[in-house]
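The values are calculated or read from the model by the stated rules, or taken from the named source; none is laboratory data. Just so it is clear, the structure is predicted and the values come from calculations on it, not from any experiment. Neighbour counts are summed over all protein chains in view; Cβ atoms, including those assigned to glycine, are modelled from backbone coordinates with ideal geometry.
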Amino acid sequence: MYNSLSNAPSSTFSRAAQYLRMSTEHQQYSIANQSAAIALFAAAHNLGIVRSFVDEGKSGRSIKGRKGLQALLQTVESGLADFDQVLVYDVSRWGRFQDSDEAAHYEYLCKRSGIVVRYCAEQFENDNSPTSNLLKALKRMMAGEYSRELSVKVSAGQRRLVSMGFWQGGNGPFGMERLLVNEKAEPKHLLRFGEWKSIETDRIILTPGPKEAVETIKLAFDLYTKKRKSRHQIAETLNRRYRFRGKKPWNIVMLRSLFTNPIYKGSYAYGKHYDGYKNLPPEKWLVRERAFQGIISEKQWARANLLVRAETKRYTDAELLDSLRSLWKREGTLNSNIINAAKDIASCQAYRNHFGGINEAYKLIGFPIPREMCSVHAITVLKKIRNRLCDEICAQILAVGGVAERRNEPGLVFVNQNITVKVSLSTGMYWHTRHTSWTLLLSKKPVADIAIIARLNRQDQSILDYYIFPAFSQVRGGFHVRNDNNPAFLEIHHFPTLQPFIEAFRSHPIREAASGGETAVSGTENQSIYRTRDL
């Protein structure tokens, strides 16, 4: 979270930003308490707080997910920071990084840009003296060690509760609901989606429900263990009867997860992963038998597991790639739905397990990938490109005498205190007709006064050119454009660079008749971008 405060202090004050972070550990570290302590420190040192960067409910173990700290570092490194100090409550609020050098690195990024980091509640001044550096290093190690010890304690507590049959985690799996019980394990009421226990002594267990989901699970197990239907046949049957997994149609991967999940026989397997996503072997799981009321019997569940293991063949890499080539030749294209629907080929998950991703398998057989990167990495890269473009726009408008700043909403820039600019990107899609097409998406209701869409090169993600649409142009909806032969009404808004857009906000001196002096007026030619093609 990033806030820009409008009530800037008087020019007699030094300008500072504050960074606030709270996980969920102590009221001592609430955002309000930190802000109050920092405000007292600022008043005592003649500092005016002009910006706030906030991470609320975020762990300090990593920078991942801490948008406040990320925004602070981006602002500092962009060279556009309108403050020269950052105020933090104490060293632990900066972070409880497991590697103390990481905390020092982020502080050094600020120092390198001429921004001083000051810890308001510490008993030492962060003045780069040997004493302060020694104390900071010690404090950082203590903060990281506290986090490690807390993690061990929390994990031990959760494992103890699991051994007693209490549910640890988020919402229950498909076909199971969360039941709130008191300290005597007496039922209180079912928890709906988004609801959590509010009394410390209360606990949560799982119970079968709702009725339609329970019937769907029983039907799937019966078809598999009694009717000896394949997972493909079961998926077809369930989907034909509109017995979906929530809102999603069934596929063989979902059914394998269903048939191998011990929850459905009433057992609770905990600790199946480590580091968030890496799998642990079953012998290392913590399993509490008969923790909940099961939906199917233990005998039927064991039968389903034997069938899954029997039909799950161990493929070699060569066999997987040959099957994928055959499917491509037969279907003419490839995607996750086609692979999972095919009965003579392994699932997408098998390709991820063997090759690290379905795109990696595509590359090995020569299949042209519409999007070169995996979705998570692609989103990260595109966000960085968009943020960098927004920073460049702000810097260039400031250079010509205008005023520009980024807002909280991603890709939104506020220019001359009255014009909103929405920046987005369009990645190219390679079609079977051997040309690349870019999609321009313009919402029916404009979200800004001006929309800028940058076209990206598919190979290196560099920016090719720009489409600039004022809100009153009435261009709405989605359009596909290529490198040539595009509709004339789109080409009117097509620009090779952003220089014409930037020049529209240049300030021009206007001679005052009475005094003979000159006054710079910013944005006097803003409307030119809307009137002419060449600006």
If SER59 meets every condition in (1) in a loop (DSSP other than H, G, I, E, B); (2) more than 16 Å from TYR19 (Cβ to Cβ) apart from one, which number is that one? (2)
Considering only residues that are of a type in the set (Ser, Thr, Tyr) and surrounded by fewer than 21 Cβ atoms within 10 Å (Cβ to Cβ), which ones fall in segment 233-267? THR237, TYR242, SER257, THR260, SER267
Given (1) buried (at least 19 other Cβ atoms within 10 Å of the Cβ); (2) in a loop (DSSP other than H, G, I, E, B), number of the condition VAL50 does not satisfy: (2)
Failed item, numbered, when PRO281 is tested on (1) under 30 Å from SER336 (Cα atoms); (2) at pLDDT 90 or above; (3) over 28 Å from the mean Cα position of the chain (by Cα): (2)
Consider TYR270 against the criteria (1) surrounded by fewer than 15 Cβ atoms within 10 Å (Cβ to Cβ); (2) hydroxyl-bearing (Ser, Thr, Tyr); (3) modelled with pLDDT under 90: it satisfies all of them except one. Which criterion is unmet? (1)
Of the residues in segment 185-214, those that are touching a residue at least 24 places away in the same chain (Cβ under 8 Å) and either touching a His at 6+ places or on another chain (Cβ under 7 Å) or at negative phi (or both) come to ARG203, ILE204, ILE205, LEU206, THR207, PRO208, PRO210, GLU212, ALA213, VAL214
Give segment 464-510 a look and list any residue that's within 19 Å of LYS422 (Cα to Cα), touching a helix residue (DSSP H, G or I) at 6+ places or on another chain (Cβ under 8 Å), surrounded by 16 or more Cβ atoms within 10 Å (Cβ to Cβ) and of a type in the set (A, V, I, L, M, F, W, C), or say none. ILE468, VAL475, PHE479, PHE495, LEU498, PHE501, ILE502, ALA504, PHE505
Just to be sure I understand the filter: pairs with C-beta atoms under 8 Å, separated by 6 or more residues or on different chains, first member in segment 126-146 and under 26 Å from SER59 (Cβ atoms), second member of a type in the set (Val, Ile, Thr). Which pairs pass? ASN126/VAL116; ASN126/VAL117; LYS136/VAL91; LYS139/VAL91; ARG140/VAL91; ALA143/VAL91
Output for segment 51-97, where each listed residue is charged (D, E, K, R) and either in contact (Cβ under 8 Å) with a residue 60 or more places away in the chain or not assigned by TED's automatic domain parsing to the domain that holds GLN123 (or both): ARG61, LYS67, ASP82, ASP84, ARG93
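On the basis of being within 29 Å of SER151 (Cα to Cα) and assigned to a loop (DSSP other than H, G, I, E, B), does PHE83 make the cut?
So PHE83 fails the test.
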